[in-house]
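The values are calculated or read from the model by the stated rules, or taken from the named source; none is laboratory data. Computed from a prediction, not measured in an experiment: that's the story for all the values here. Neighbour counts run over all protein chains shown; Cβ positions are idealised from the backbone, glycine included. Ligands, DNA and RNA are stripped out before the accessible areas are found, and what is left, the full protein with its side chains, is counted by its heavy atoms. Shrake-Rupley method; radii C 1.70, N 1.55, O 1.52, S 1.80 Å.
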Amino acid sequence: KSAITYVDGEAGVLLYRGYPIEELAQHSSYLEVAHLLMFGELPTPQQYTEFQATVHFHNLLHAQVLSFYHGFRRDAHPMAVMVGVVGALSAFYHDVMDIRNQQQRLIAGIRLIAKMPAIAAASYTYSIGRPQRYPNNTLDYASNLLQMLFGLPSSEYTVDPVLARAMDRILILHADHEQNASTSTVRLAASSGANPFACISAGIASLWGPAHGGANEQVLKMLMEIGRPENIPKTIARAKDKNDSFRLMGFGHRIYKNFDPRSRVIQESAKEVLAHFGHANDPLLEVAVELEQIALKDEYFVERKLYPNVDFYSGIVLRAMGLPMNMFTAIFAVARTAGWVSHWLELHQDASHGIDRPRQLYVGHTLRHYPIKK
Ligand code: ACO
């Protein structure tokens with residue numbers, strides 16, 4: 001049972017605490033949405049100010065945490081680094097953490113939301129050998145993430161409002177999606193009473209897979225394989241061929257059969273970002289735009305209701321922002337932290353919730369005996 005997020009795949013509805021995702025993406029901000037998911041209500045102006053101040057108070061990484069990064073190869077996948085670093089935070093906050101204490105649970109949740117942008121940004125800056133910038137508390141959550149990703153320590157970073165809006169939308173759209181694989185992983189780990197940082201690290205591991213958060217990376221890999229617009233018809237033909245296992249990545253969804261409400265919103269962001277930067281110099285973005293147009297008109301895709309999903313557009317937006325492919329899922333992890341934390345809090349609010357144990361359908365041998373040598 002959960003009171004956080006409602007999804008109706010047939011009707012294409014996604015509600016956070018009752019509010020439609022489209023309205024939140026249009027009018028809200030990620031931190032406001034994080035408050036909504038965690039506490040069940042949108043914050044009043046005063047609550048928002050207090051919540052933001054608490055997030056700012058906790059958004060620095062302990063200097064010793066930054067030293068962990070040096071233990072990783074510089075070409076390590078950012079998700080591998082994040083699994084390690086977030087898990088390691090449990091060693092920092094274990095002794096002061098009593099999960100039966102509501103106030104301590106809230107602080108742990110806010111710490112995670114607050115520190116995740118710096119953790120993700122550092123996994124990128126370390127890989128390219130650039131010093132990590134500190135959080136800037138004069139900026140909103142999305143802008144702060146951008147300045148830590150792209151800013152140089154030696155100069156001022158001016159936040160581009162189009163990019164900040166697009167990043168904020170990506171964060172809002174990916175903040176929660178009820179009992180998906182990573183959220184279920186967090187809840188299962190939480191049910192044993194495990195440390196919250198360890199639980200979220202388990203969620204990041206689950207998110208990493210290409211069938212879950214890793215899909216946006218696969219979309220870009222596919223676009224790279226296509227390479228040029230003239231190769232699109234060949235790719236579409238492969239996707240339609242029943243004897244070929246190839247599928248058009250970023251098209252179709254397990255739950256949403258009419259449309260994914262998130263993809264409409266992010267399509268707008270993609271248009272805004274592409275118009276802002278232009279994509280004349282990026283053949284991949286040119287391929288993406290043309291692929292979308294061709295597939296939307298193709299009978300095979302129309303008949304089967306295979307529309308571009310949120311991953312198709314989020315990959316395009318993140319690429320246009322200048323992020324490398326392997327950071328796409330890391331940004332998803334930053335966004336989903338609000339959802340994971342809210343589910344972790346919800347589970348612990350119910351003091352009677354015992355350890356979860358999925359039931360097994362045993363399909364092995366019946367009783368047999370060890371052959372005793374005579
Ligand atoms: N390309 C080509 N054909 C497809 C695609 C696709 N991307 N997706 C589905 N189909 C076809 C199937 O071959 C099948 O055709 P048939 O009826 O002639 O046999 C029909 O559409 C229905 O497909 P199913 O596999 O039954 O649909 P399901 O709901 O199980 O799969 C899924 C959904 C896994 C997302 C699928 O559409 C897919 O593989 N898409 C590509 C991967 C992708 O983008 N994943 C990200 C999902 S979004 C997210 O996780 C946030």
Look at the range 49-84 and say how many of its residues are closer than 26 Å to E32 by Cα, among the β-branched types (V, I, T) and open to solvent by less than 30 Å² (accessible area, probe 1.4 Å).
1
Exactly one of these conditions fails for A270: (1) at pLDDT below 85; (2) surrounded by 13 or more Cβ atoms within 10 Å (Cβ to Cβ); (3) away from the ligand (no atom under 15 Å from the Cβ). Give me its number.
(1)
Restricting the range 126-147 to residues that are among the aromatic types (F, W, Y) and under 20 Å from L66 (Cα atoms), which is least open to solvent (accessible area, probe 1.4 Å)?
Y126
Would you be able to say whether some residue in the range 113-123 is assigned to a helix (DSSP H, G or I) and either without any contact (Cβ under 8 Å) to a residue 12 or more places away in the chain or open to solvent by 20 Å² or more (accessible area, probe 1.4 Å) (or both)?
no
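Looking at the structure I just gave you, is S263 touching a strand residue (DSSP E or B) at 6+ places or on another chain (Cβ under 8 Å), within 28 Å of Q26 (Cβ to Cβ) and open to solvent by less than 20 Å² (accessible area, probe 1.4 Å)?
It is true that S263 is touching a strand residue (DSSP E or B) at 6+ places or on another chain (Cβ under 8 Å), within 28 Å of Q26 (Cβ to Cβ) and open to solvent by less than 20 Å² (accessible area, probe 1.4 Å).
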Inspect the range 248-265 for any residue being at pLDDT 90 or above, of a type in the set (D, E, K, R) and at negative phi and give the result as yes or no.
yes
Selection status of G209, small (G, A, S), closer than 20 Å to I294 by Cβ and open to solvent by less than 40 Å² (accessible area, probe 1.4 Å)
no
Candidate set from the range 178-194 (those that are of a type outside the set (V, I, T) and open to solvent by less than 20 Å² (accessible area, probe 1.4 Å)); member that is farthest from the ligand (Cβ to nearest atom)
S191
Which pairs turn up if I take residues in the range 239-253 that are outside any loop (DSSP other than H, G, I, E, B) and look for partners that are open to solvent by 60 Å² or more (accessible area, probe 1.4 Å) and not acidic (D, E) with beta carbon separation below 9 Å, at least 6 apart in sequence or on another chain?
A239/R247; F251/Y307
If G252 passes every condition in (1) touching a helix residue (DSSP H, G or I) at 6+ places or on another chain (Cβ under 6 Å); (2) within 12 Å of the ligand (Cβ to nearest atom); (3) open to solvent by less than 40 Å² (accessible area, probe 1.4 Å) but one, which one does it miss?
(1)
Would you confirm, using the coordinates I've provided, whether V219 is in a helix (DSSP H, G or I) and away from the ligand (no atom under 11 Å from the Cβ)?
no
Could you tell me whether I99 is of a type in the set (A, V, I, L, M, F, W, C) and under 25 Å from S29 (Cβ atoms)?
no
Quick check on my filter: what residues within the range 250-279 are of a type outside the set (D, E, K, R) and over 22 Å from L14 (Cα atoms)?
V273, L274, A275, H276, F277, G278, H279
For the range 256-366, give me every one of the helices (runs of 4 or more DSSP H) that falls completely inside it and has 3 or more residues that are within 22 Å of the chain's Cα centre (by Cα) and either within 24 Å of Y19 (Cα to Cα) or in contact (Cβ under 8 Å) with a residue 12 or more places away in the chain (or both).
261-277, 310-321, 328-349
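Rundown of residues vs (1) within 13 Å of the ligand (Cβ to nearest atom); (2) in contact with a Lys or Arg (Cβ under 8 Å, 6 or more places away or on another chain); (3) of a type outside the set (A, V, I, L, M, F, W, C); (4) open to solvent by 30 Å² or more (accessible area, probe 1.4 Å), yes/no style:
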site: K240; (1), (2), (3), (4): yes, no, yes, yes
site: R247; (1), (2), (3), (4): yes, no, yes, yes
site: L284; (1), (2), (3), (4): no, yes, no, no
site: V289; (1), (2), (3), (4): no, no, no, yes
site: A295; (1), (2), (3), (4): yes, no, no, no
site: Y307; (1), (2), (3), (4): yes, no, yes, yes
